[in-house]
Amino acid sequence: MTAAPAPRVGWPDVAKGICIILVVLWHVVTKHAIEAPGAGPVTDAWATLNAQLLPLRIPLFFLVSGMFAARAVLVDDGSSWRRRAARLTMLYIVWVVIQTFVLALAPDFDTARATSGWELLAQLTISPTNLWYLLALAVYLAIGRLSRRIPAVVVLPVAFVIAAVAGAGVIPDLGNLWQLVQNLFFFLMGLRLRAVVERFAKSIRVWSTVALAAVYVAALAVVAGLAIRLLPGVWPALALIAVAFGVSLSVLLDRHVDVVARPLRWIGQRTLPIYVLHMMPLALIDAVLRSTRGRTTDVVEAVAPILLTAIVIGICLGVHALLVRFGLGALFDPLRVTDRFTARLVPRGGEG
């Protein structure tokens with residue numbers, strides 16, 4: 001009699017849910033709200049708040065992704081991580097192409113889009129678009145696998161130095177390439193220190209979360225006050241504090257506030273369709289509102305980012321459900337197509 005599988009730990013999904021909501025909110029504010037006619041102090045406050053969360057949302061996302069990838073990269077025979085990396089690479093290619101055509105319908109929307117074959121080729125290789133997270137994960141999986149036999153005490157300091165250099169603004173401005181480089185450290189930390197992160201999560205208490213929140217706020221104030229954001233090492237150090245707070249908050253919500261944690265876990269298990277789709281409905285909504293809206297008000301500025309974030313996420317999940325229902329689920333897992341093609345090439349019974 002086989003033992004029942006251990007229940008899925010909830011806080012990583014809560015963390016992913018928080019992160020994807022913050023990603024959508026960031027784009028809603030920076031690509032839509034600040035462009036509204038008459039946008040004033042309330043929108044500025046939204047932009048400032050979002051900027052303070054930069055060290056949290058993507059590094060925390062990669063930490064959790066690294067934890068989820070640990071077995072495939074460090075333990076399995078190699079086929080698992082290769083499939084994951086191939087799936088992510090194909091997803092990036094598919095959705096960059098789709099997004100290029102859809103964003104052409106909203107030419108005034110402020111985001112990178114290819115307008116020629118050469119630009120598209122660059123976005124698929126050296127100048128990642130807003131979908132860079134997919135490409136980064138594929139690269140990180142390969143790096144994690146290739147470096148798996150090197151001790152963590154060597155790999156992680158090297159990755160930290162790389163993050164410190166990237167965070168200092170040294171890397172040329174090639175789309176989101178700098179983000180791809182500087183976030184490797186957090187993926188490798190989740191990959192190599194999964195047991196440490198899990199022990200940390202178990203030790204979380206309310207007082208420690210409040211303390212971490214205070215340290216995070218104080219660190220943000222010091223970095224801003226001294227204008228040392230681009231000093232080498234400052235960004236990854238600040239992000240480490242933010243990630244520790246993010247893990248703590250996710251653990252507390254998962255343990256004690258199920259009314260909040262349950263929808264976050266649900267969203268956290270559906271981050272892929274939200275991530276690959278969200279820029280397109282946001283761009284189309286922006287195009288419609290750009291042609292119809294008048295001057296905004298403080299109330300609208302305060303509520304609109306939250307409302308629009310919820311609408312965009314809802315549209316993404318609805319579109320995903322429709323695409324799957326109409327047999328287009330392979331858009332979110334391109335390996336289905338290659339697997340079917342390969343299966344047709346192999347004779348039944350495995351005979352050559």
- Query: Considering only the stretch 62-104, how many residues are more than 30 Å from Val288 (Cβ to Cβ) and in a helix (DSSP H, G or I)?
  - Reply: 25
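With respect to Leu63, determine if the residue is buried (at least 16 other Cβ atoms within 10 Å of the Cβ), at pLDDT 95 or above and in contact with a Gly (Cβ under 7 Å, 6 or more places away or on another chain).
Details: buried (at least 16 other Cβ atoms within 10 Å of the Cβ): yes; at pLDDT 95 or above: yes; in contact with a Gly (Cβ under 7 Å, 6 or more places away or on another chain): yes.
Against the criterion (buried (at least 16 other Cβ atoms within 10 Å of the Cβ), at pLDDT 95 or above and in contact with a Gly (Cβ under 7 Å, 6 or more places away or on another chain)), Leu63 qualifies.
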- Extreme residue, nearest to Thr292 (Cα to Cα), among residues of the stretch 25-46 that are in a helix (DSSP H, G or I) and of a type in the set (Gly, Ala, Ser): Ala33
- Filtered residues of the stretch 235-268 (kept if assigned to a helix (DSSP H, G or I) and surrounded by fewer than 19 Cβ atoms within 10 Å (Cβ to Cβ)): Ala237, Arg255, His256, Asp258, Val259, Val260, Arg262, Pro263, Trp266
- Query: Does Ala321 count as surrounded by fewer than 14 Cβ atoms within 10 Å (Cβ to Cβ), in a helix (DSSP H, G or I) and either within 23 Å of the chain's Cα centre (by Cα) or at pLDDT 95 or above (or both)?
  - Reply: yes
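Out of the stretch 164-206, which residues are in contact with a Leu (Cβ under 8 Å, 6 or more places away or on another chain) and either surrounded by fewer than 23 Cβ atoms within 10 Å (Cβ to Cβ) or of a type in the set (Ser, Thr, Tyr) (or both)?
Ala168, Gly169, Ile171, Leu180, Leu193, Val197, Ile204, Val206
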- From the options Thr115, Thr89, residue that is surrounded by fewer than 20 Cβ atoms within 10 Å (Cβ to Cβ) and within 19 Å of Asp333 (Cα to Cα): Thr89
- Query: Can you tell which of Arg265, Arg290 is within 30 Å of Val94 (Cβ to Cβ) and modelled with pLDDT under 95?
  - Reply: Arg290
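The values are calculated or read from the model by the stated rules, or taken from the named source; none is laboratory data. For clarity, every value in this text was computed on a predicted model and none was experimentally measured. We place every Cβ from the backbone using ideal geometry, glycine too, and count neighbours over all the protein chains shown.
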